[in-house]
Amino acid sequence: MFSSSSSSSSSSIRTSSHHEPPALNLIPSLPDDVALNCLARLPRSQHPTLSLVSKSIRSLLSTPLFFNSRSLLQCTQHVLYLTLRSHGSSLLWLTLHQNPLNSANPNLLVPVPPIPSPSVGSAYAVIGHMIYVIGGSINDIPSSHVWVLDCRFNKWQPGPSMRVGREFAAAGVIDGKIYVMGGCVADTWARSTNWAEVLDPATGRWSTVPSPVEVREKWMHASAVVDDKFYAMADRGGVAYDTRNRVWESVGSELDTGWRGRACVINGILYCYDYLGHIKGFEVKQGLWRELKGLDDVLPRFLCGATMANVGGNLLVVWEGIGGGKEIEIWCAEIVVKKDEDGELSGKICWSGKVHSVPKGSSIVHCSAVAL
């Protein structure tokens, strides 16, 4: 598969319209397609050093060809993107840079270009190397706009607008399509009809998802996709949408009462952080919550603003720590989660530490993991 794609690597590199074309002979004495095969396998932590080797390699690292080759070789790695709110409506976008060779600061959040039109209460969805930022209010008016961050090059571009404006909507990705629901008052025909929508990125079009009247009165505070079902927790009873059978369902009482705050899904288990300071996992098929054990002596008792993401099968938790003076600290911990034969959940810390400092009054908005 790769050889057929890389056979035209030289011409693809030469004709890149977005970057200065690198010279041939990426690695002396090796054909360019073989050199590309080798370079694409190196971990992302080595890319900054790799870019210093030559101008041609530095240019290669910023081409679609390089990222496509990593994907074909199954050498992609999951990268964390974090959104922070600072000074009212100002949004900071950062990505986690991991450099094991830097013993002083092996894990740091580094800034990426800010979203062109920041809003409050946007929904987020990830497809491939793209982060979709959906709706949100601008000057207290719900927006239908969508912005898309191409994480390969950290560049923003406008996406297809929704049929109605939304703020604090629920969003999830199933079979490569983005589903959104809620975030609007169903007080008009358009808002009622389009209370739930789905975007097909292949066509760039939003379509209406028919929804019963009783669910349109709900306001969402959290969402996740588990076993191809879109779960959205509401202020008065959560709902689930089976996209394959196009059926709406109510959420069981165990999930409804136990899900608090932001969550993520790993191996079919939904993890969230509760107000008592516990990370818990919920198995939908069993309808049972279990505490993630083994972290009591490692993590702080309470994780303020805790946000979670599935980073390559590991649970990455981000929270706000107490800083000095006029700053607060942003901390991260990467956790390997396991389920034993009795169904008990346990976690082991891979690493944990401070990754950034921000002015007091800032808060964590969202985090996403993207494969690059």
Margin query: Can you say whether residue 244 is among the basic types (Lys, Arg) and under 24 Å from residue 297 (Cα atoms), as far as the supplied structure shows?
Written below: no
Check: Restricting attention to the range 262-280, and to residues there that are modelled with pLDDT of 90 or more and assigned to a loop (DSSP other than H, G, I, E, B), which single residue is nearest to residue 225 (Cα to Cα)?
Finding: 268
Next item on the list: Being surrounded by fewer than 19 Cβ atoms within 10 Å (Cβ to Cβ) and polar (S, T, N, Q) is the filter; apply it to the range 193-215 and report the residue that is farthest from residue 124 (Cα to Cα).
Entry: 193
Next item on the list: Out of the residues in the range 34-48 that are free of Cβ contacts under 8 Å to residues at least 40 places away in the same chain and of a type in the set (S, T, N, Q), state the one that is surrounded by the most Cβ atoms within 10 Å (Cβ to Cβ).
Entry: 37
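The rows are residues; the columns are (1) on the phi < 0 side of the Ramachandran plot; (2) in contact with a Ser or Thr (Cβ under 6 Å, 6 or more places away or on another chain); (3) in a loop (DSSP other than H, G, I, E, B); (4) among the aromatic types (Phe, Trp, Tyr).
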position: 233; (1), (2), (3), (4): yes, no, no, no
position: 237; (1), (2), (3), (4): no, no, yes, no
position: 245; (1), (2), (3), (4): yes, no, yes, no
position: 249; (1), (2), (3), (4): yes, no, no, no
position: 260; (1), (2), (3), (4): yes, no, yes, no
position: 282; (1), (2), (3), (4): yes, no, no, yes
position: 316; (1), (2), (3), (4): yes, no, no, no
Notebook entry, point to check: Within the range 179-199, is even one residue in a strand (DSSP E or B), at pLDDT 95 or above and within 30 Å of residue 61 (Cα to Cα)?
Noted result: no
Margin query: Can you list residue pairs whose Cβ atoms sit under 7 Å apart, with the first residue in the range 157-171 being under 12 Å from residue 197 (Cβ atoms) and the second being among the basic types (Lys, Arg) and assigned to a strand (DSSP E or B)? Count only pairs 6 or more apart in sequence or on different chains.
Written below: 160/205
Notebook entry, point to check: Here are some conditions: (1) within 20 Å of residue 123 (Cβ to Cβ); (2) not in a loop (DSSP other than H, G, I, E, B). Residue 218 meets all but one. Which one does it not meet?
Noted result: (2)
Note to self: Could you check the range 83-110 and list, in sequence order, the residues that are closer than 17 Å to residue 328 by Cβ and either at pLDDT 75 or above or of a type in the set (Gly, Ala, Ser) (or both)?
What the structure shows: 83, 84, 85, 86, 88, 90, 91, 92, 94, 108, 109
Note to self: Going by what's in this entry, would residue 29 be described as assigned to a helix (DSSP H, G or I) and among the hydroxyl-bearing types (Ser, Thr, Tyr)?
What the structure shows: no
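The values are calculated or read from the model by the stated rules, or taken from the named source; none is laboratory data. None of the values given here were measured: they were computed from a predicted structure. Cβ coordinates were reconstructed from backbone atoms using ideal geometry, including for glycine residues, and neighbour counts include every protein chain displayed.
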